[in-house]
Each structure stands twice: as structure tokens, then as C-alpha cells.
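What follows is a short report on a single structure.
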Amino acid sequence: MKSKVSVLNASLLRKATFEALLALNPLRLTNNPVILCTWLGALIATASLAWHFSVFELQVVLWLWITVFFANLAESLATCLGKAQVESLRRSKISVVARRFVNNREEHVPANALNVGDIVVCEAGDYIPADGDVVEGIASVDESAITGESAPVIRESGEDRSSVTGGTRVLSDRLLIRVTFESGQSFLNRMISLIESTKRHKTPNEQALSMLLIALTVVLIVSVFSIYVFAQYIGLKISIISLVALWICLIPTTIGSLLIAIRIAGMDRLLQFNVVAKNGQAIETAGNTSILLFDKTGTITLGNRMAAEFIPCKPHSTKELAHAAFLASLADETAEGRSIMALAKEHYQFDENSQSIVDARFVAFSASTRVSGIDFPGNCIRKGAVDAIKAQTKKDQFPQELEQCITNVCQQGGTPLAVIKNNEVMGIIYLKDIIKTGLKERFSKLYQMGIKTVMMTGDNPLTAAAITAEVGISDFMAEATPETKLLEIKRAQHQGHLVAMTGDGTNDAPALAQSDVGLVMSSGTQEAREAGYMIDLDNDPSKILDVITTGKELLMTRGALTTFSLANDVAKYFAILPAMFGSLFAFNIDLMGLGSAQSAILSSVIYNALIIVFLTPLALKGVSYKALPSRIVLRNNMLIYGLGGIVAPFVGIKLIDYLVRHWV
């Protein structure tokens, strides 16, 4: 994940403080009506000082303005954190002189002069000049400038660990790197561009909560005005500043101050996973997701199947099968094809350079035929998917022994490839999916969250069922096509579910657009990126699990702080109202035992301002989510934030009253 920016950073606090002061302009508060009402109350209290001035009233007015400032500071901190992350990325872009290979000669050129396809060399201590793939060598690379992780990673030629990012530093050995992105289109440039284009408008749920807070504010303003009328009727004198203090303390200023900060911070937390949300609604929806659709490749498996075993059928030997598979893979540039050649070399020391085949015609692998092979005088060798080879041989069944081997491979979660020579089946190749570690625990957590997981794969049902059972997935879609994916999403939505999906291709675009949450890989097609709601800059489909967790944390944070805020307001009634109307009763109604009416009012106003400061770090960090049943989560929320919201004002106001009772 990206490096975090601390809230305690002095430079960040200065910028946020300046922004909070600028936000005292009422025109900038129009998007937060609750705080605008607080600003209006502070203005009325300030104006009332012209008619009646006292030290008590001056202190109340100052703390009312401090309340408005702290409310603005929470939002400013969240906004500045996001900007600081972008600036941190900009600073990580360094000017590098690249060592480019041209015609077997090394030349030094600026990094921005590199083109896609150029080969550059990096040795220990060198900064990698551009995003690319390792084509030769293995080295330890420091990626902390991008990921925030201090531990170096290993980068080597091959499929899984070959990708490198410009601006990272080689710590050991030597790498040859092929540039894969033009200047200005690097990982860092793409991340900065996406972050800056993100829309941070209110989500529908946030708008609904805002309307509720506005309604509560209006009701409480009317109630305070009614109290003033009632006091005048019975001859009780209440100052304007005391009424304003009551007004500000009773309206939901706490959650009104933190609501925007919670949303912005939630979007910024996603950036720690190098995932950019186009808007806040996508994160909220992810938190409410009930069905998760994902491809097997890249999410469950590491992306490429590896040849694990040659399984011949009589009368052919394992070596004969391996040799035929080796020749049939010479024109197969896929990772599976290369792994077949590697396995044959490992066991039988075959070498493609020593294969003296005259008049050979190679048949390259293609997605449409799913077959590769070679023809040379007297021989025709083909290797490919079992059903594709059966179609070529015009046979519905292979020998029973081989059919049983095919079934066994599928039941183990593998993929069988058949090999034929001159239309005679020689055996099969066992391709094994490499399943990512730790997935079973993650899917178990999703199950505890109540989320149904569905794996989509082009594999046959036996293979899909084996992988599903091994990892602990709820269901699967075997032999899935773009059309069946779209139909599955529509069916789930018709049943009232919210559906999340990952994808990267043009054929995924319709399903991504139909889904409620679409996570698109940054390397995906333009159509897919436009259809999705979030973009993963690391091209890791399993990030959808982190997205869902972040969404739930955002919803929990807002729910927890709303509960705490409303419980706070109820508790503050017992501090201010007895202080204002205690003289009307023959007995003491001050349950908190505060020093005086004035110290009670001042203590409540101070507490109302300070609680915003204490809750701001929680709003920015978020409430941690644990995969527990909903009833337990609700119970814990009510105990911690509901009961805590009632107890905190009694304790806080009492302590503040003890400190300020001698000042008024």
C-alpha cells in the first residue's frame, strides 16, 4: 500500500488550520447546513455583546467560534490528507538517467526519452527509470516509495514477479528491463491523474443523513425559541448568549462536523491499497455488497497454470509424450506453453536449439482454436484443450484409461491438455493452477460478513468444483461467458442483492456496468475502465476484498459517530436545562452538581467544541471492521458508542466545570 501521511505532520496541520480559517466564510459552509447554523449562532452571540458585555459572555462567544473552527478543521484535515498523498507521489517522481541498450551498446538518455519496447539495464543502487517488465536477471528492489512497505521485494524475469515500477531502486544484482509505458503514462502518473479526477460529492446515504440532521436542527431551533417565549411569559430572564449556547449544544454539531471528513477519509483509505474510487457512493455500496463475482484467474490463482506432469496412455512412454508436447509447444508463446517446455527440459534435457527438424511448419496457439502444434514430413503433432483435440480427431471419447485420468485431473482442480500425433492420442499434460496463499481465511471472513462468493471460470464444472471446495467459495459459474456473467448479475439484482465484480477486458464491460460495484484493473481496456466504479492500479483482482472491508469501515464509522453524537446531545440536556431553569423549582434538579448556571453553560459549550477534536482522528482513521454477525456488531456499537455517548458528556462537562467554575 502507499505510504501514509500522518495527521500529526506539522506542515499538514498548518495547511489544514489555514483552510479551516478560510472556511469561516459562510459561503463555504453552504454544503454543511448544521455548521452554517452554528456559524449563525456564533454571529448572533457576538452581536449581542454590544448590548451586554461580561467575561462569561465573552468566553462563551469565543468558544462558539472555536466550535465552528474545529468543525471546519476536521474537514480540512481530511482534504489536506488527500492532497498530501498526491504531493507525496509527486515528490517520489525523480529525474533518472537511463542506461539504454541499442545495437548491443549502452547509451545514457533521460528517462523521459524512453519509448515502449526499449531495453534498459539497472544495477545495484540504480533507480528504475520507467515502468516495465524484467526480461533478464533477478534482483532485490526497494519499492517503499510506492507501496510504503520497507521490506524489499524480489523481481525476476517470468510472469508473476517481473513487473517493476519507475522510481523504485535496485538494491542488488542486475536487471534487464523492457519499458512497457510511454513517458507520462507511468504508474505514478496514472495514480496522480486518477486521484485528482476523483469526484467527492455527497453520497445518497450521506444526503439522507444530512436531511435528518437538518430536520433535527430546525426542530431544536424552534424548541429553543419556544423556551425563550416561555421564559418571558413567566418572567424568567435568559440572555441571548445563553439561548445561543443552548441552541449550539443541542443541535447535532458533532456528527455535522465529521460527516464530510468521514467520506473523504474513506476514499483516501482506499488509496492505501492503490485503489481509486471515482466517487464515494461506490465505497458505500461496496460496504453493503451481498454477492461478489470474480474470475478464477488472478483472484484465486496466480494467473498462469503450470505444467506439473506428463500422463501417457499405452503404448506410449512418458518420454515420448514429453517430446511430442515439447515440439507442439515451440510455437506456443503462452505461459502454459513455456511451462510445458520447461518441464520437458527439466526431466529429459530437451533443447529447442538442437531440434533439427527439416521443413517444419509451426501452428501457433490461438484463443479461438485453443490448439498449437507442428507439422514436418511424416508427422503432425497437436496439443490443446481436450474438447478441441477431440474435435480435430473426430472422436467423442478417448480410451477409458485416459478418460479416467482426465477426470482425476479435473477433480484435483487441474486442467488437462491432450496431445496427439498423426491423429493418435498419446496422453495428457496436467496443468496445475497455483492457488494464492491465505485465500481460505479471507473467504471465510467474507462468509462471516454474510457475503456470497461466486467464482467465474471458463474451466469445466469438475475443475471449478474442485477449486471451489479447496478455497471455500460459496458457488461457481463454470464455462462462463460474458453473456452468462451479465445474466447472473441481473438475476441476483432482481432478487434484491447488491453485486460487486472484478474485470479488465472489453467483454467484461457490460457486466461491470450492470454491477453495483465494479473494480477494474488499470491495465484493462478503456471500455472496462469507463464501465467500472473503481480502478486498481496494482492490477490485483483480489483487492475487491479490501474494497468491501473499507466500505464496511466507512459505514460503521459514520453509524458509530452518529450514534455517539445523538447520545451526546441527549446527555447535554441534563447539564444546560437544569442550570437555566433550576430557579423555578423548590428542589435541586441539577443532577450533575455543577458549580453554577454560568459555569454549566460554559462547560457545555467547551465540551461541545473539544469533543469534535477528540473524535476527528477516529473519523479519519475509521472504525475497524471485524467479520462478526450483524447483531453482535450492533450490540457492540450501542455499548461503545451509544452508552459511551451518554456517559462521556457527564464526565467531560463535570471535569471542565471543576476547572472553569472560578472563571465565571
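The values are calculated or read from the model by the stated rules, or taken from the named source; none is laboratory data. This structure is a prediction, so every number in the text was calculated from the model and none was measured. Here the Cβ is made from the backbone with ideal geometry for all residues, glycine too, and neighbour counts use every protein chain on show. With ligands, DNA and RNA removed, areas are computed over all heavy atoms of the protein, side chains included. Shrake-Rupley method; radii C 1.70, N 1.55, O 1.52, S 1.80 Å.
Taking the stated definitions as given, is residue 530 surrounded by fewer than 17 Cβ atoms within 10 Å (Cβ to Cβ) and closer than 20 Å to residue 277 by Cβ?
yes
Please go through (1) touching a residue at least 60 places away in the same chain (Cβ under 8 Å); (2) part of a helix (DSSP H, G or I) for residue 228 and return the number of the only condition it doesn't satisfy.
Going through (1) touching a residue at least 60 places away in the same chain (Cβ under 8 Å); (2) part of a helix (DSSP H, G or I) one by one, residue 228 breaks only (1).
As an exercise: evaluate residue 11 against (1) of a type in the set (S, T, N, Q); (2) over 28 Å from residue 216 (Cβ atoms); (3) modelled with pLDDT of 85 or more and give the number of the one condition it does not meet.
Condition not satisfied by residue 11: (3).
Are any of the residues in the range 114-125 modelled with pLDDT under 80, of a type outside the set (Ser, Thr, Tyr), within 22 Å of residue 162 (Cβ to Cβ) and under 31 Å from the mean Cα position of the chain (by Cα)?
Checked against the condition, which is being modelled with pLDDT under 80, of a type outside the set (Ser, Thr, Tyr), within 22 Å of residue 162 (Cβ to Cβ) and under 31 Å from the mean Cα position of the chain (by Cα), the range 114-125 yields no hits at all.
Name the pairs whose Cβ atoms lie under 6 Å apart, with the first residue in the range 473-484 and under 12 Å from residue 296 (Cβ atoms), the second open to solvent by less than 60 Å² (accessible area, probe 1.4 Å) and in a strand (DSSP E or B), and 6 or more positions between them or separate chains?
473/453; 473/455; 476/455; 477/456; 480/456
Does residue 543 satisfy the criteria of being of a type in the set (Lys, Arg) and in contact with a strand residue (DSSP E or B) (Cβ under 6 Å, 6 or more places away or on another chain)?
Spelling it out, residue 543 is indeed of a type in the set (Lys, Arg) and in contact with a strand residue (DSSP E or B) (Cβ under 6 Å, 6 or more places away or on another chain).
Select from the range 266-291 the residues that are more than 11 Å from the chain's Cα centre (by Cα) and not in a helix (DSSP H, G or I) and write down the one among them that is surrounded by the most Cβ atoms within 10 Å (Cβ to Cβ).
So, considering only residues that are more than 11 Å from the chain's Cα centre (by Cα) and not in a helix (DSSP H, G or I), the one surrounded by the most Cβ atoms within 10 Å (Cβ to Cβ) is 289.
Can you tell me which residue in the range 22-42 is most open to solvent (accessible area, probe 1.4 Å), limited to those that are among the aliphatic types (A, V, I, L, M) and out of contact with any Leu (no Cβ under 9 Å at 6 or more places or on another chain)?
So, considering only residues that are among the aliphatic types (A, V, I, L, M) and out of contact with any Leu (no Cβ under 9 Å at 6 or more places or on another chain), the one most open to solvent (accessible area, probe 1.4 Å) is 27.
Could you grab the pairs with beta carbons closer than 7 Å, sequence gap of 6+ or different chains, first residue in the range 315-327 and within 18 Å of residue 338 (Cβ to Cβ) and touching a residue at least 60 places away in the same chain (Cβ under 8 Å), second one crowded, with 16+ Cβ neighbours inside 10 Å and of a type in the set (Asp, Glu)?
Qualifying pairs under 7 Å: none.
Taking the range 577-625, which residues are modelled with pLDDT of 85 or more, more than 30 Å from residue 450 (Cβ to Cβ), open to solvent by 20 Å² or more (accessible area, probe 1.4 Å) and of a type in the set (A, V, I, L, M)?
Within the range 577-625, 610, 613 qualify.
Quick one: what pairs do we get from the range 332-360, first residue among the hydroxyl-bearing types (Ser, Thr, Tyr), second at pLDDT below 85, C-beta under 7 Å, 6+ apart or different chains?
Cβ pairs passing all conditions: 334/365; 339/306.
Please work out if residue 149 is open to solvent by 40 Å² or more (accessible area, probe 1.4 Å), out of contact with any strand residue (DSSP E or B) (no Cβ under 7 Å at 6 or more places or on another chain) and at pLDDT 75 or above.
No, not satisfied.
The rows are residues; the columns are (1) open to solvent by less than 20 Å² (accessible area, probe 1.4 Å); (2) among the aromatic types (Phe, Trp, Tyr); (3) under 30 Å from residue 625 (Cα atoms).
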residue: 380; (1), (2), (3): no, no, no
residue: 391; (1), (2), (3): no, no, no
residue: 419; (1), (2), (3): yes, no, no
residue: 440; (1), (2), (3): no, no, yes
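Only residues that are open to solvent by 100 Å² or more (accessible area, probe 1.4 Å) and part of a loop (DSSP other than H, G, I, E, B): list them for the range 626-635, please.
The one that is open to solvent by 100 Å² or more (accessible area, probe 1.4 Å) and part of a loop (DSSP other than H, G, I, E, B): 626.
Could you list all residues from the range 231-271 that are among the charged types (D, E, K, R) and without any contact (Cβ under 8 Å) to a residue 60 or more places away in the chain?
237
Quick check, is residue 400 within 22 Å of residue 463 (Cα to Cα) and either free of Cβ contacts under 8 Å to residues at least 40 places away in the same chain or in contact with a Ser or Thr (Cβ under 6 Å, 6 or more places away or on another chain) (or both)?
Yes: the conditions hold for residue 400.
Name, by its number, the condition in (1) in a helix (DSSP H, G or I); (2) within 21 Å of residue 544 (Cβ to Cβ); (3) in contact (Cβ under 8 Å) with a residue 24 or more places away in the chain; (4) not aromatic (Phe, Trp, Tyr) that does not hold for residue 390.
Of everything listed in (1) in a helix (DSSP H, G or I); (2) within 21 Å of residue 544 (Cβ to Cβ); (3) in contact (Cβ under 8 Å) with a residue 24 or more places away in the chain; (4) not aromatic (Phe, Trp, Tyr), residue 390 misses just condition (2).
Go through the range 425-438 and give me each residue that's loosely packed, with under 14 Cβ neighbours inside 10 Å and of a type in the set (Val, Ile, Thr).
437, the sole residue that qualifies.
Go through the range 360-378 and report how many residues are of a type in the set (A, V, I, L, M) and open to solvent by 20 Å² or more (accessible area, probe 1.4 Å).
4
Considering each residue of the range 45-61, count those that are part of a helix (DSSP H, G or I) and exposed (fewer than 15 other Cβ atoms within 10 Å of the Cβ), and give that number.
So the count comes out to 3.
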